[in-house]
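Below: the structure, in structure tokens.
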């Protein structure tokens, strides 16, 4: 894992003091709320329906046991005893007092964490693959690139007042676990003639106008990635729309001028910028890469797992993924218990996962964009012990990528922008499909709920997506089918008129019934939908 | 409170700035103002006769002026580069990094707050146009880019 040096630490410490000064000026009334707002937003502090919400950055979703433990302590000390893991691999506290925010940032700084650029019209936290460094199929670990970009984007002098927020993802596998092409810029590491570089995709995103990002460059080498991204951002900063915040993301620019014209402008700018010495030397990426060296795996370990306990065997089959090192496994920890809130974890649960990371996973864990956690390096021989501890903490749900592994935004229970409540709906759907046999029968089905058109719950990318809208003062839910945020990225299509909360649960059941009746051998829900199309589903729902 | 801030040696240019359109259409003006949405590159053929470029920020959230500033500096402009309009104390450092060397904010700034902001961060992560050595260069003093 990356560790701060004195430069990184000094910047984060200075930020804490800057924010303490700004907060003090707000509390004494020297700053009005209007003047304070852009300052607090640059530090991830939002004023929500009931309280302040603080969003903490978890760069590329990787953290240590010590960092995780600190997140749990803060949840207990300053929040109502829990935290919420987000689709951007970050953590949000929903019940923060303004006067406490500087102290929370100071506590985070003691474990090399911050809330810098977790909101605002700037380059946000860089996201990545939760299996980075441990999956066998990656070209290289994407996290050193992500850390290089974290540093480059922090307090960028030119790109801090962009037309709109800007999200970058870096992956390195053919399997896309980070919804890379639904980012403003997505990088996929590839190898060419023995050299690692990146394919660059630009102009993806969700929100009101979802777009899958097109490829704009098939290779950029590591020693030119910064100047190339500066060119991409400069074209966007200069020509992205600023007249309408809903048309201000880069996807609209790329769409309106066309991908070829955007590429042409970027290449023209790049031809100029590559001469300016903006790129760190390759030694810097090498320095960062050394922090991500594989841990000291033991050799000669057995790959056998004692499956005599059926509940354990079920959990292993669902939650455990293949690790590149013999004798090791990747453990997915579900934050989607049937009656819970998707992505929420209590202070105690966060503390327990920190303990598990230290005891069983080389002091490392990950947050996924699907709002779950990962212990990336667990010995197969330790799986049973880990499972027992997860069971005791209520963290052993076996539903990874099943219909109850729901992504949901905070919705109208917390969010000032929402039109509808996402959480109670997620709980109703989970309750309807709670039976393990039924979930297993349906198989992989990614269900995603957003409580408004801004799409924080990724509904466009759900195999089944749900969008909450306000229809003359009543919550109404639209149903979408056929989206995907993975390597086969696609956008879901709306089935037709919306439903009440109970009505949409019934409609989902009809959809899954059609799938079960129509599927051919080996087909996931998404495959069947793509083969037979919307019509049979529509007839079942509205017929 | 400070109404005008300059980091240049000597006097600031007093000549009123004209629009980009009238500047490129006439030859005698030496001060020009770039509005958001105007292309700073239109000025590049004329840089040697310009003594002042003003970049207007009608609202602090419109960041186009940061790119405009860098573009003229990257092209070798050495005259005065002034940020005017909704320029807030929290933006001075980033503007300095993009090449601005004078400031005429619509609302006067608090001297002490400006001083604090300018001295808050010892180091920077990026190479920009202000000549500051980025952290990566300090980490690798032996390399060419450092």
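Quick note: the coordinates plus some simple rules give every number you see, no bench work behind them. Keep in mind it's a predicted model, so treat the numbers as computed, not measured. Cβ: placed from backbone, ideal geometry, glycine included. Neighbour counts: every protein chain shown.
Arranged by the count of other C-beta atoms within 10 angstrom, fewest first, what order do A:537, B:60, A:159, B:4 take? List each step's numbers first, then the result.
On the way: A:537 27, B:60 17, A:159 24, B:4 13.
By the 10 Å Cβ count, ascending: B:4, B:60, A:159, A:537.
Normalised by the number of residues in region B:26-146, what is the relative contact order in percent for Cα pairs under 8 Å and 6+ residues apart? Working shown, then result.
Numbers: 174 pairs, mean separation 22.8, N = 121.
Reported as a whole number, the value is 19 percent.
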Measuring from centroid to centroid over Cα atoms, what is the spacing of region A:121-151 and region A:441-479 in Å?
-> 28 Å
Go from 0 up to the bin containing the longest alpha carbon distance in the protein assembly as shown, width 10 Å each, and give me the % of pairs per bin.
-> 3, 15, 24, 26, 18, 9, 4, 1, 0, 0
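For region A:407-542, just say rounded, prolate or oblate: build the C-alpha gyration tensor, square-root its eigenvalues into a ≥ b ≥ c, call rounded for a/c under 1.5, and beyond that prolate if a/b exceeds b/c, oblate if not. Provide the component values of the computation, followed by the final result.
Values: a/c = 1.64, a/b = 1.59, b/c = 1.03.
Prolate, because a/c is 1.5 or more and a/b exceeds b/c.
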DSSP beta bridges in region A:411-543: the antiparallel percent, rounded to 5, is 75 percent
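Compactness ratio of region A:468-543: Cα Rg over 2.2 N^0.38 Å, N = residue count?
Details: Rg = 13.2 Å, N = 76, 2.2 N^0.38 = 11.4 Å.
Here the Cα radius of gyration is 1.16 times the empirical estimate.
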Burial ordering of A:448, A:389, fewest other beta-carbon atoms within 10 Å first | A:389, A:448
Hey, rough spin-label estimate for residue A:196 and residue A:255, points 7 angstrom out along Cα→Cβ, what's it come to in nanometres?
-> 3.5 nm
Under a point spin-label approximation (7 Å from Cα along Cα-to-Cβ), what is the residue A:215-residue B:78 distance to one decimal in nm?
-> 4.6 nm
Based on the Cα atoms of region B:95-144, what semi-axes does the equivalent ellipsoid have, where each is the square root of 5 times one gyration tensor eigenvalue, given in whole Å with the largest first?
-> 28, 13, 6
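Would you mind ranking A:386, A:367 by Cβ crowding within 10 Å, fewest neighbours first?
Values: A:386 23, A:367 26.
Listing A:386, A:367 from fewest to most nearby Cβ atoms yields A:386, A:367.
Quick one: what do you get for region A:310-392 if you divide its Cα Rg by 2.2 N^0.38 Å? If you can, show how the numbers build up before the last one.
Working: Rg = 12.1 Å, N = 83, 2.2 N^0.38 = 11.8 Å.
Normalised by 2.2 N^0.38 Å, the Cα Rg of region A:310-392 equals 1.02.
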log10 of Debye I(q)/I(0), alpha-carbon scatterers only, for region A:134-290 at 0.10 Å⁻¹ | -0.34
Binned Cα-Cα distances of chain B, short to long, each 10 Å bin given as a whole percent | 11, 39, 34, 14, 2
Helix-derived mean residue ellipticity, 222 nm - over the protein assembly as shown, DSSP H n ≥ 4, -39500 (n - 2.57), to 500 = -10000 deg cm²/dmol
What's the center-to-center distance, using Cα atoms, between region A:209-231 and region A:243-292 in Å?
-> 6 Å
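Once fully extended, how much extra length lies between residue A:301 and residue A:110, figured as 0.36 nm per residue of separation less the alpha-carbon to alpha-carbon distance?
Details: separation 191, 0.36 × 191 = 68.76 nm, distance 3.65 nm.
Gain on extension, residue A:301 to residue A:110, equals 65.1 nm.
Note the direction-averaged projected area, equal to a quarter of the hull surface, for the Cα convex hull of region A:6-109, in nm². If you can, show how the numbers build up before the last one.
Numbers: hull surface 27.5 nm².
The orientation-averaged projected area of the Cα hull of region A:6-109 comes to 6.9 nm².
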